[in-house]
Amino acid sequence: MEGAELAGKILSTWLTLVLGFILLPSVFGVSLGISEIYMKILVKTLEWATIRIEKGTPKESILKNSASVGIIQRDESPMEKGLSGLRGRDFELSDVFYFSKKGFEAIVEDEVTQRFSSEELVSWNLLTRTNVNFQYISLRLTMVWVLGVIVRYCVLLPLRVTLAFIGISLLVIGTTLVGQLPDSSLKNWLSELVHLTCCRICVRSLSGTIHYHNKQYRPQKGGICVANHTSPIDVLILTTDGCYAMVGQVHGGLMGIIQRAMVKACPHVWFERSEMKDRHLVTKRLKEHIADKKKLPILIFPEGTCINNTSVMMFKKGSFEIGGTIHPVAIKYNPQFGDAFWNSSKYNMVSYLLRMMTSWAIVCDVWYMPPMTREEGEDAVQFANRVKSAIAIQGGLTELPWDGGLKRAKVKDTLKEEQQKNYSKMIVGNGSLS
């Protein structure tokens, strides 16, 4: 009985601390300064560790590390220059070398598949290994790493799991209850309150530190918010600062439970990408939604999949065909404190969340950008590319023309045929590629 009483007291004390120092401040959107103190200590520790690593690592290893960031030194000149002004002459066997060179470059280090794996770090963050094999530096650094493991797994993990369980449970229960109410302004207000509160709790469960910039450009009701996509927590990051009606792929497991609960309280749109009828329904729903300027802004990730936060890949044109005002948002995570990228082909949602909860913290910047509209004579693809370029520039990300669908699908034949057509034009002299 004494053991049970002691366990009960520990549990009640634990929940009281969580409620008083984290949950209540989250509800009101305020901070007690605990996170700020934690981040200052963490930054100083990582800076010290970086200096120790640099002192204990031979210069040859440092040079090798910096050189390994890019294995291939690419020639970005166009095909015409690469083939030495081929236009207007017959095929020569030596032309094969140009295409072979490009093929070998793609095999060794292509610019697409590396976007679907975690970003490499320049220096070890006492959390994960970089592309340089770990080696013993000093006893002091090793002791700090051991202390970090104890803090992350024995202190932060139980706290974060508790917060995540409370946040997700309140979200599922709250949206289910609110969904039973008839459509009214009260229902909309309660739905926004539940979403904001629960998302703030969930962000606290990841020790999230978010810096919002240009808040005067926050997406307005009746508009469409488009952002680059790194992780499912992108939704939490944005919803902490305002509510959205979301559009996205149907998921199973824990994510599916959350989706089915959320849609009861708010007009989110979940669809199966493989179902053509679902795609037509989404387009119809989006047009109806933006026609009502009293409804929440729609949140869409046009890339259609998670990219590792180093690049922005092709935006699907569907979001830009329906008209309305586009509110671009750029999201950039700091990988030094934790890797936010979700490699869905390698980790399920629960495994991913556990990896996040054993990180130091999730730190990111969010830039709201001036609204954009489709210009006269501009088609949906051109508009999508213009918005993508703006997001890439603002977030300091690499802009790539490739489809994020290559994460799970093969290269389309049309892309291969396009290169063949360009080469044919040069042979017959029908015009320049430009």
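For every residue, the table says whether it meets (1) part of a helix (DSSP H, G or I); (2) touching a Lys or Arg at 6+ places or on another chain (Cβ under 6 Å); (3) open to solvent by less than 20 Å² (accessible area, probe 1.4 Å).
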site	(1), (2), (3)
151	yes, no, no
155	yes, no, no
170	yes, no, no
181	no, yes, no
225	no, no, yes
238	yes, no, yes
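With (1) open to solvent by less than 30 Å² (accessible area, probe 1.4 Å); (2) without any contact (Cβ under 8 Å) to a residue 24 or more places away in the chain; (3) among the aliphatic types (A, V, I, L, M) as the list, and residue 193 as the residue in question, which single condition is left unmet?
Status for residue 193: all satisfied but (1).
Take the residues of region 325-343 that are modelled with pLDDT under 90 and more than 12 Å from the chain's Cα centre (by Cα): which is farthest from residue 123 (Cα to Cα)?
325
Across region 383-422, what is the number of residues that are modelled with pLDDT of 90 or more and either assigned to a helix (DSSP H, G or I) or open to solvent by 70 Å² or more (accessible area, probe 1.4 Å) (or both)?
Of the residues in that region, 13 qualify.
Can you confirm whether residue 10 is open to solvent by 100 Å² or more (accessible area, probe 1.4 Å), more than 21 Å from residue 361 (Cβ to Cβ), modelled with pLDDT under 75 and outside any helix (DSSP H, G or I)?
For residue 10, the condition - open to solvent by 100 Å² or more (accessible area, probe 1.4 Å), more than 21 Å from residue 361 (Cβ to Cβ), modelled with pLDDT under 75 and outside any helix (DSSP H, G or I) - is not met.
Would a scan of region 311-326 turn up a residue that is open to solvent by 10 Å² or more (accessible area, probe 1.4 Å), touching a residue at least 40 places away in the same chain (Cβ under 8 Å), touching a Pro at 6+ places or on another chain (Cβ under 6 Å) and assigned to a helix (DSSP H, G or I)?
yes
Which of the residues belonging to region 183-222 are in a loop (DSSP other than H, G, I, E, B) and either farther than 15 Å from residue 265 by Cα or at pLDDT 90 or above (or both)?
205, 206, 207, 214, 218, 219, 220, 221, 222
Return the residues of region 361-380 that are open to solvent by less than 10 Å² (accessible area, probe 1.4 Å), not in a strand (DSSP E or B) and not hydrophobic (A, V, I, L, M, F, W, C); say none if nothing qualifies.
Hits for region 361-380: nothing passes.
In region 245-304, how many are modelled with pLDDT under 85, in a loop (DSSP other than H, G, I, E, B), surrounded by 13 or more Cβ atoms within 10 Å (Cβ to Cβ) and among the charged types (D, E, K, R)?
2
If you go through region 337-350, how many residues are polar (S, T, N, Q) and open to solvent by 50 Å² or more (accessible area, probe 1.4 Å)?
2
Among the listed residues 367, 360, which satisfies the condition of being out of contact with any Pro (no Cβ under 9 Å at 6 or more places or on another chain) and at pLDDT 75 or above?
360
The values are calculated or read from the model by the stated rules, or taken from the named source; none is laboratory data. Fair warning: this is a prediction, and the values are worked out from it, not measured in the lab. Note: ideal-geometry Cβ built from the backbone for every residue, glycine included; neighbour counts use all protein chains shown. Accessible surface is based on the protein model in full, side chains and every heavy atom, while ligands, DNA and RNA are left aside. Shrake-Rupley method; radii C 1.70, N 1.55, O 1.52, S 1.80 Å.
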